[in-house]
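Participant: Pasting a structure below so you can have a look.
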Amino acid sequence: MRLSLLSSVAFTSFVAVAVMICWPRALGAQPPDTTSSPVTYAKEIAPLMYTRCASCHRPGGSAPFGLLRYEDVRDRATLIGEAVARRRMPPWLPEPGYGKFAGERRLSAAEIEMIRQWVVDGAVLGDTADLPAAPSWRDEWELGVPDLVVDLPSYTVPGDGRDLYRNLVAAIPVSQIHYVTAVEIRPGDPKIVHHARMMIDTTSSSSELDALDADPGFDGMDLESDAGNPDGFFLGWTPGKVPSAAPEGMAWRVAPGTDVVLQLHLRPGGEPAIVQPQLGFHFVDAPPRHVPALIMLKSFDIDIPPGEEEYVVVDEYVLPVDVDVLSVYPHAHYLGRELQGFATLPGGRIEWLIHILDWDFNWQDEYRYAEPIPLPAGTVLTMQYTYDNSRNNSQNPNSPPKRVTYGPNSSDEMADLVIQVLPRTPVDLAVLNRDLAWKYEVREVNYLAREQYVLGNALASRGLISEALNHYREGLRLRSDHLGIHVAMARALVSLNELDAATLIAERAAQLSQYGDAGVLGALAAVYAADGKTDLAIKTAQAALERAVAAGEEDLAREMRGRLARYERREGRGNS
């Protein structure tokens, strides 16, 4: 079980008792050092609470209790000590030494030891004259009073059911062009809102979708509207995320007639609840001098078998221009375990962007670098995520584990790495955006083709062959070189006794694979056999067997030996 200060109050009490039992071993407790002054709340602990914990543990924060008063901290001293000893709090997922980030919430070993000593000493208050001034928030806005507050429509979340992705739409009420340096997102009840993403729409497409739905907003994580990220910024809210302003000279533009779309990931909490989000916009007078871009590494190809402990997903992109990397935002769901993002420079040197050894879906964040990371053209950006779908994964939502595929719900899985970069010149920005548009188009087409393939297979397994063929044809329209669709379509055509068409599609697949794919050759052999072309079936099956053995595909090789024997027996009967 993963310990979190965002656990319920009831659970907190339970854990506190358990922690008292295992505390000496967990923290390596030793007899207090009576030769030095005791650690006190006023002098040592309060400054840590104010700087590392108060952004969540405050009135209006995302945590269920505050840590701004001595009494609140004292009553939870044992729990706090255990949480920081296990580095569950403050929530900070990146491994040290794999990128230097601004605003790191990681406690040092000395700070953790200081908290341990304070707990062992009895959670002493100390001299109140040593207390620093407690932080304050004006009207609960962390960045101060905004220049513009936009109220989104309220939405009622049902008490039960699956996760929801709800997109709330509102006009940004400006009469002239403004330049936005920061947006503070207040999404509503953090017990209901898992995370939020903010986009803008300069068309009427989002408001039109809103109008078609009887309730405020419209559903869906994959938007059908034209809403998108503003000028190279990925804007979102997650528990614990501290809002920040854009780098100097990098404000983004908002014009009259622009709508804001706030996408909320909502998790029903047992009874109906109302969320009422607000957005606080902060403006600057000067237009931006620099415009960043977003590189979105992603994979739709996720299909994790139950029990699989090391399922790896990879995506890559080669930079066409020089850039400076500004920030990184990783995203996966409950099965994510190890998340890696790195850059391989043309000379072979590795520059780490982020490395998370113990991913936690409940503590997503964007990580901005303390100093931009320069990368030359030709650098390969790599996202490599490892998933654990076994019983050993304490966050696995399924017991026993079950197959998990790509999808937007928390019970599905995703693999995203959003990298914000700054090209050196406007020309470079145009080149990069054009190249990225092509990558995204290819990725989307591949995904849609795969969806048609999956749908076709599902229908074929139910004996609905004609319906399955419609999906296979649509898949090949999207991606004419998809070998799996060719093979599945050939099998479907054989089942309908359309042997000429089956032969044509199977031979096309063999040509596309340059006669090097054992599975494709095996499918072609089966088509030849069904059409009575036993000699061709034998030759093709022999080739399939050779390639399966060379590739170490033992199961396929075993299958091909059995089929080859049957074909040869059939050929022998034909010659007798």
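Participant: Mind listing whichever residues of segment 329-374 are among the small types (Gly, Ala, Ser), surrounded by fewer than 17 Cβ atoms within 10 Å (Cβ to Cβ) and more than 23 Å from Pro292 (Cα to Cα)?
Facilitator: Going through segment 329-374, the residues among the small types (Gly, Ala, Ser) turn out to be 332, 336, 341, 343, 347-348, 370.
Now drop any that are not surrounded by fewer than 17 Cβ atoms within 10 Å (Cβ to Cβ), which leaves 347-348, 370.
Passing the criteria: Gly347, Gly348.
Participant: Considering only residues that are hydroxyl-bearing (Ser, Thr, Tyr) and in a loop (DSSP other than H, G, I, E, B), look in segment 86-135 and name the one that is most open to solvent (accessible area, probe 1.4 Å).
Facilitator: Going residue by residue through segment 86-135, those that are hydroxyl-bearing (Ser, Thr, Tyr) are 98, 108, 128.
Next, from what is left, pick out any that are in a loop (DSSP other than H, G, I, E, B): 98, 108.
Details: Tyr98: 70, Ser108: 51 Å².
Filtering first and then ranking leaves Tyr98.
Participant: Another question about this same structure. Quick check on segment 307-317. Is at least one of its residues surrounded by fewer than 18 Cβ atoms within 10 Å (Cβ to Cβ) and free of Cβ contacts under 8 Å to residues at least 12 places away in the same chain?
Facilitator: no
Participant: Which condition does Arg479 not pass, out of (1) within 22 Å of the chain's Cα centre (by Cα); (2) open to solvent by 50 Å² or more (accessible area, probe 1.4 Å); (3) not hydrophobic (A, V, I, L, M, F, W, C), if it passes all the others?
Facilitator: For Arg479, the failing item is (1).
Participant: Would you say Ala460 is in contact (Cβ under 8 Å) with a residue 24 or more places away in the chain and either open to solvent by less than 40 Å² (accessible area, probe 1.4 Å) or more than 20 Å from the chain's Cα centre (by Cα) (or both)? Lay out the reasoning, then the answer.
Facilitator: On the way: in contact (Cβ under 8 Å) with a residue 24 or more places away in the chain: yes; either open to solvent by less than 40 Å² (accessible area, probe 1.4 Å) or more than 20 Å from the chain's Cα centre (by Cα) (or both): yes.
So Ala460 passes the test.
So that you can scan it fast, the table gives a plain yes or no per residue for (1) more than 26 Å from Ala377 (Cα to Cα); (2) surrounded by 15 or more Cβ atoms within 10 Å (Cβ to Cβ):
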{"site": "Arg403", "(1), (2)": "yes, no"}
{"site": "Tyr406", "(1), (2)": "yes, yes"}
{"site": "Met414", "(1), (2)": "yes, yes"}
{"site": "Thr425", "(1), (2)": "no, no"}
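To keep it simple, each residue is scored yes or no on (1) under 23 Å from Lys241 (Cβ atoms); (2) at pLDDT 90 or above.
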residue	(1), (2)
Asp72	yes, yes
Pro91	yes, no
Pro94	yes, yes
Ala110	no, yes
Met114	no, yes
Trp118	no, yes
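Participant: Residues of segment 467-476 being open to solvent by 40 Å² or more (accessible area, probe 1.4 Å) and either under 19 Å from Arg508 (Cα atoms) or in contact (Cβ under 8 Å) with a residue 24 or more places away in the chain (or both), which ones? Give the steps one after another, and end with the answer.
Facilitator: At the first step, the residues of segment 467-476 found to be open to solvent by 40 Å² or more (accessible area, probe 1.4 Å) are 467, 470-471, 473-474.
Across segment 467-476, the qualifying residues are Asn470, His471, Arg473, Glu474.
Participant: A further question on this structure: Got a number for residues in segment 69-85 being open to solvent by 20 Å² or more (accessible area, probe 1.4 Å) and closer than 23 Å to Ser136 by Cβ?
Facilitator: 7
Participant: I would also like to ask the following. Confirm whether Arg434 is at pLDDT below 95 and open to solvent by 30 Å² or more (accessible area, probe 1.4 Å).
Facilitator: Spelling it out, it is not the case that Arg434 is at pLDDT below 95 and open to solvent by 30 Å² or more (accessible area, probe 1.4 Å).
Participant: Let me ask something additional. I'd like to check which strands (runs of 3 or more DSSP E) are fully inside segment 157-274 and have at least 1 residues that are open to solvent by 60 Å² or more (accessible area, probe 1.4 Å) and modelled with pLDDT of 90 or more. Walk me through it before giving the result.
Facilitator: Working: elements: 164-171, 178-186, 193-201, 235-237, 252-254, 259-266.
Answer list for segment 157-274: 164-171, 178-186, 252-254.
The values are calculated or read from the model by the stated rules, or taken from the named source; none is laboratory data. Please read all numbers here as calculations on a predicted model, not as lab measurements. As a convention, Cβ positions derive from the backbone with ideal geometry for all residues, glycine included, and neighbour counts pool all protein chains shown. Accessible surface areas use protein heavy atoms only, side chains included; no ligands, DNA or RNA. Shrake-Rupley method; radii C 1.70, N 1.55, O 1.52, S 1.80 Å.
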